[in-house]
Amino acid sequence: MLHCYNNPYLLDFLIVCDKMPPDERAQLEAFVGEPYDVDRAAIGNFMTLGPKWVWKTDEGVPLAVGGYVLQRKGVWRDFLLSTPEIWQRPHWFPFTRSVVKIMNSMLLSGEAHRLECISLASRTKAFSWYDTIGYNKEGVLHGYAADGSDAVLYARCRH
C-alpha cells in the first residue's frame with residue numbers, strides 16, 4: 001500500500017533523488033544548467049517554500065516527493081521527484097489518485113486558481129500522465145532551459 005504524508009523529511013528527498021531515473025535527472029540538469037547532484041537536488045527542493053508531500057510504502061520507503069512553489073498570488077508551480085517504482089504496479093494508480101486529490105484541494109481551498117507544470121519538451125512519456133491528472137497543454141516555451149532546450153507548459157485552472 002502507498003501512503004501520502006505532508007511535510008517530508010530531508011532524508012526522504014535524499015533517498016528519492018538518489019534513485020531518480022535518468023530522464024528526470026536530465027530535466028533537472030537542463031533547467032539548472034549544472035550537472036545533476038543528488039545533494040543539490042534534494043536540498044534545493046526541500047528548501048522551497050510551499051506545501052510538500054512524500055509517498056511511502058508500508059515499510060516507510062519514500063518513492064516520490066513533490067509539492068508546489070508559489071509564483072504569485074493564486075498561481076502555484078509544481079515539482080515532482082520520483083523513483084521508477086512509483087510508476088509501477090501497485091503504486092501508479094494510488095499515487096495518481098493522491099496527486100489528483102491534492103490538486104483538487106489546492107484549487108478548492110481558494111489558495112490556488114492556477115496550478116502549472118513545466119516539463120522538457122523531450123519528456124514526451126510524461127505528457128499522458130499530465131493529461132490523466134487534469135493538466136492542459138498551454139504551449140511550447142522555446143529555448144526555456146539553461147541549455148536552450150524547449151519546454152512545455154501545462155496548467156489546470158479553477159473555473
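Values for this structure:
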| read-out | value |
| --- | --- |
| Residue list for region 77-86, restricted to those being of a type outside the set (Lys, Arg) and under 18 Å from Tyr135 (Cα atoms) | Asp78, Phe79, Leu80, Leu81 |
| Helices (runs of 4 or more DSSP H) completely within region 38-139 that count 3 or more residues being farther than 23 Å from Phe13 by Cβ | 92-108, 127-132 |
| Residues of region 85-121 that turn out to be at pLDDT below 95 and either within 13 Å of the chain's Cα centre (by Cα) or buried (at least 20 other Cβ atoms within 10 Å of the Cβ) (or both), as a count | 0 |
| Test: residue in region 63-79 that is crowded, with 19+ Cβ neighbours inside 10 Å, of a type outside the set (Ser, Thr, Tyr) and farther than 26 Å from Ser109 by Cβ | no |
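Every residue, every condition in (1) more than 25 Å from Val152 (Cα to Cα); (2) touching a Ser or Thr at 6+ places or on another chain (Cβ under 9 Å); (3) among the polar types (S, T, N, Q), yes or no:
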| residue | (1), (2), (3) |
| --- | --- |
| Asp23 | no, yes, no |
| Gly50 | no, no, no |
| Gly60 | yes, no, no |
| Val69 | no, yes, no |
| Ile86 | no, no, no |
| Val100 | no, yes, no |
| Ser109 | yes, no, yes |
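The values are calculated or read from the model by the stated rules, or taken from the named source; none is laboratory data. Since the model is a prediction, treat every value here as computed from it, not as a measurement. Positions of Cβ are generated from backbone atoms using ideal geometry, with glycine treated the same way; all protein chains shown enter the neighbour counts.
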